[in-house]
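Chemist: Starting off with a structure, shown below.
The values are calculated or read from the model by the stated rules, or taken from the named source; none is laboratory data. Bear in mind the structure is a predicted one, so any value in this text is a computation, not a measurement. Every residue, glycine as well, gets a Cβ built from its backbone with ideal geometry; the counts of neighbours run over all protein chains shown.
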Amino acid sequence: MMKLNKNNYYVIIGIIILLATARLLPHPPNFTPILGMAVFSGAIISRRLIAYLIPLAAMFLSDLYLGLHSSIPIIYFSLAVCVLIGTFIESRVSIINSLLGISFGVLVFFLITNFGVWYGSGMYESSISGLMNCYLMGLPFVQNTFISSLIYGMGAFLIYDIINKHIIFANNA
């Protein structure tokens with residue numbers, strides 16, 4: 001694991017702010033950077049409190065602009081779980097581990113948030129059949145979540161790697 005210095009943190013925070021800002025741009029449904037941002041944060045930031053705080057704060061600030069809603073607690077919980085997933089690849093960041101972490105984050109996010117919809121919305125009957133129907137109805141949205149998470153998340157890992165190898169360390173040599 002690379003020791004993070006002040007310049008690394010500036011790069012990390014800049015990437016996360018860029019990703020959170022991208023959420024404000026017009027986009028197809030569920031095509032947002034939030035899951036990629038969360039896994040990236042957990043994988044790259046070694047100080048746990050900061051790893052959770054930065055993406056959650058960025059999400060909250062963008063939600064202040066986009067509007068607050070009743071499903072925020074379940075979404076933020078899911079986002080925190082995605083940060084946790086990133087922590088499991090922290091010392092082993094690679095293309096494969098990043099792809100697996102982001103993919104698992106999308107799956108977990110889908111399962112948790114759709115469970116929340118089933119449990120709290122009253123849109124589905126309170127049975128296993130109702131839960132399965134909720135998951136089935138959510139499937140069309142997971143495609144955009146998966147694609148956007150891979151694009152934004154892998155982009156964040158790539159940008160961070162390029163900046164560290166070619167700019168920050170080159171300046172420190």
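Chemist: May I ask you to verify whether G120 is exposed (fewer than 13 other Cβ atoms within 10 Å of the Cβ) and either assigned to a helix (DSSP H, G or I) or under 16 Å from the mean Cα position of the chain (by Cα) (or both)? Walk me through it before giving the result.
Modeler: Details: exposed (fewer than 13 other Cβ atoms within 10 Å of the Cβ): yes; either assigned to a helix (DSSP H, G or I) or under 16 Å from the mean Cα position of the chain (by Cα) (or both): yes.
So G120 passes the test.
Chemist: Mind listing whichever residues of the stretch 77-96 are touching a residue at least 12 places away in the same chain (Cβ under 8 Å), assigned to a helix (DSSP H, G or I) and not aliphatic (A, V, I, L, M)?
Modeler: Those that are touching a residue at least 12 places away in the same chain (Cβ under 8 Å), assigned to a helix (DSSP H, G or I) and not aliphatic (A, V, I, L, M): F77, S78, C82, G86, T87, E90, S91.
Chemist: Looking at I112, I95 in this structure, which one is over 21 Å from I15 (Cα atoms), out of contact with any Gly (no Cβ under 8 Å at 6 or more places or on another chain) and not hydroxyl-bearing (S, T, Y)?
Modeler: On the way: I95 fails: over 21 Å from I15 (Cα atoms).
I112 is the lone residue from the list that is over 21 Å from I15 (Cα atoms), out of contact with any Gly (no Cβ under 8 Å at 6 or more places or on another chain) and not hydroxyl-bearing (S, T, Y).
Chemist: Only one residue in S129, S148 is in a helix (DSSP H, G or I), modelled with pLDDT of 95 or more and in contact with a Pro (Cβ under 8 Å, 6 or more places away or on another chain), so which one is that? Steps first, answer last, please.
Modeler: Details: S129 fails: in contact with a Pro (Cβ under 8 Å, 6 or more places away or on another chain).
None of the others qualify; the one that does is S148.
Chemist: Here's something else I'd like to know. Can you confirm whether the stretch 59-72 contains a residue that is surrounded by 17 or more Cβ atoms within 10 Å (Cβ to Cβ) and out of contact with any Lys or Arg (no Cβ under 9 Å at 6 or more places or on another chain)? Write out each step before concluding.
Modeler: Taking the stretch 59-72 as the starting set, the residues that turn out to be surrounded by 17 or more Cβ atoms within 10 Å (Cβ to Cβ) are 59, 62.
Narrowing the set further to residues that are out of contact with any Lys or Arg (no Cβ under 9 Å at 6 or more places or on another chain) leaves none.
Within the stretch 59-72, not a single residue is surrounded by 17 or more Cβ atoms within 10 Å (Cβ to Cβ) and out of contact with any Lys or Arg (no Cβ under 9 Å at 6 or more places or on another chain).
Chemist: What number of residues within the stretch 17-46 are surrounded by fewer than 23 Cβ atoms within 10 Å (Cβ to Cβ) and touching a residue at least 40 places away in the same chain (Cβ under 8 Å)? I'd like the intermediate steps shown before the answer.
Modeler: Within the stretch 17-46, the subset surrounded by fewer than 23 Cβ atoms within 10 Å (Cβ to Cβ) is 17-18, 20-31, 46.
Checking which are touching a residue at least 40 places away in the same chain (Cβ under 8 Å) leaves us with 17, 20-24, 27-31, 46.
Residues in the stretch 17-46 being surrounded by fewer than 23 Cβ atoms within 10 Å (Cβ to Cβ) and touching a residue at least 40 places away in the same chain (Cβ under 8 Å): 12 in total.
Chemist: Same structure, new question: Mind telling me which of the residues S121, S126 ends up being in contact with a Phe, Trp or Tyr (Cβ under 9 Å, 6 or more places away or on another chain) and free of Cβ contacts under 8 Å to residues at least 24 places away in the same chain? Reasoning before the result, please.
Modeler: Numbers: S121 fails: in contact with a Phe, Trp or Tyr (Cβ under 9 Å, 6 or more places away or on another chain).
Unique residue meeting the criteria: S126.
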